[in-house]
Structures are given as structure tokens and as C-alpha cells.
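Enquirer: If you scroll down you'll find the structure; I have some questions about it.
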Amino acid sequence: MLIEVKAKVSRIIDGKTRKRTETFITDTIVFAEAEYQVMNLLSQDQENGLIECSEILSLRQSPIREICSQWLEDYTICGFPSFIATLKDIFHADDDTEKTIRYKVLLWAENHSQALLRVQQLARQGYDLQIEGIKQVDYDYITSQSNG
């Protein structure tokens, strides 16, 4: 399960304090652990003088069903933007009705074109998936391994 954590953060950017809402995705199973991971990360930023203060606004089960980890190293090394792709699978049920399953995937790419190419690669991996949409988002991913 992926948990989405929203936090209100007062970041110090170019010597000025700017308040914004930041979204974090964690791969923990427990909400308390997800909150702990985000607060730990924000505490480190506060100790380093990158933020003044922070507050957790919400925790919820994320609609994202998969993290494309094959490009995760690119993200952590280069700071590529994150994208959410919506894929759909249309099939016929036993009663001959058409059914659609949609799910969201989080991935990283240099730009929208590269994100589209990566999603096309995913859609061809043994499934008859169609790409419904891709949008750039400002999500930070915290793995359970990154916090010990």
C-alpha cells in the first residue's frame, strides 16, 4: 500500500519564506509510520535551515497503485520531475459486459515526452493497457528503506 502525506511547509527560498503544501508518497503499510517518515525528513530539512516550520495536513491511501522504480535512480540523482500516468484496461466480463479498470502509476522523467515514452514501455509489458493521461506533479517519494 502507498500512503500519501500532505504537509504545509514554510520553505526558505532565496532568503524568503514561502508557504506551500507538499505531497509525499511512502511505501509503508501503517499511517503512523508514514507520518513519522515525513516528519523525520522535514526535521532534517529544518535542522539544515531549508525550512522554518512544517505541519502534517492529511494522510490517506494513495490512488497511485505502482511506483516505476526502474527510473527511480534517475530521479534521486538528477532530480527529474515526477509524473502520474493513468492507464486503463478494457476487458469483457463473463456476462459479456465491457469492464474498465483504471490505475495510476508514479514515474520520473526529464520532460513530458520522455514520460510518455516510459509509459508506453509500461503499457506494452504483457498487458493490453491504454494510456488515458499523463500529468506532471510535485511529489516526493520516500521509500521505507531510505529511513532505515
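Enquirer: Can you give the angle from 0 to 90° between the axis of helix 112-123 and the longest principal axis of the chain, with both taken from C-alpha atoms, to the nearest 10?
Expert: On a 0 to 90 degree scale, this one is about 50.
Enquirer: Let me ask something additional. So how strong a dipole does region 1-62 carry about its Cα centre when Lys and Arg Cβ are +1 and Asp and Glu Cβ are -1, to the nearest 20 debye?
Expert: So the magnitude is around 360 debye.
Enquirer: Let me ask something else about it. Could you pull the Cα extents of region 11-65 along its three principal axes, largest to smallest, in whole Å?
Expert: Principal axes ranked by extent give 37, 19, 16 Å for the Cα atoms.
Enquirer: I want to check the label-to-label distance for Asp140 and Ser113. Put each point 7 Å from Cα in the C-beta direction and report it in nm to one decimal.
Expert: Computed distance between label sites Asp140 and Ser113 equals 3.1 nm.
Enquirer: Here's something else I'd like to know. So how do 50-63, 8-21, 91-104 stack up, highest first, on mean other-Cβ count within 10 Å?
Expert: Result, highest mean Cβ count within 10 Å first: 50-63, 8-21, 91-104.
Enquirer: If you take the alpha carbon radius of gyration of region 63-137 and divide it by 2.2 N^0.38 Å, what ratio comes out, to two decimals?
Expert: Normalised Cα radius of gyration, region 63-137: 1.21.
Enquirer: Considering only Cα-Cα distances, which of the following residue pairs are longer than 27 Å: Lys16/Lys104; Lys99/Lys135; Lys6/Lys104; Lys19/Lys88?
Expert: Lys16/Lys104; Lys19/Lys88
Enquirer: List the relative contact order of region 1-107 as a percent without decimals, with contacts defined as Cα pairs under 8 Å and 6+ residues apart.
Expert: Relative contact order for region 1-107 comes out at 27 percent.
Enquirer: Here is a follow-up. If you put +1 on each Lys and Arg Cβ and -1 on each Asp and Glu Cβ, how big is the dipole of region 1-136 around its Cα centre, in Debye rounded to 20?
Expert: Here the size comes out at about 560 debye.
Enquirer: For the chain, what are Rg and Dmax over the alpha carbons, in angstrom?
Expert: 17.6, 63
Enquirer: When Met39, Met1 are ordered from fewest to most other Cβ atoms inside 10 Å of their Cβ, what list results?
Expert: Listed from fewest to most nearby Cβ atoms, that is Met1, Met39.
Enquirer: Compute the acute angle (0 to 90°) between the alpha-carbon long axis of helix 31-47 and the principal axis of greatest extent of the alpha-carbon atoms of the chain; round to the nearest 10°.
Expert: 40 degrees
Enquirer: Determine the percent antiparallel among the DSSP beta bridges restricted to the chain, to the nearest 5.
Expert: The antiparallel fraction comes to roughly 85 percent.
Just so you know, all these numbers are worked out from the coordinates, no wet-lab data involved. No experiment lies behind these values; they were computed from the predicted model shown. Methodologically, a virtual Cβ is constructed for each residue, glycine included, from the backbone with ideal geometry; neighbour enumeration extends over all protein chains shown.
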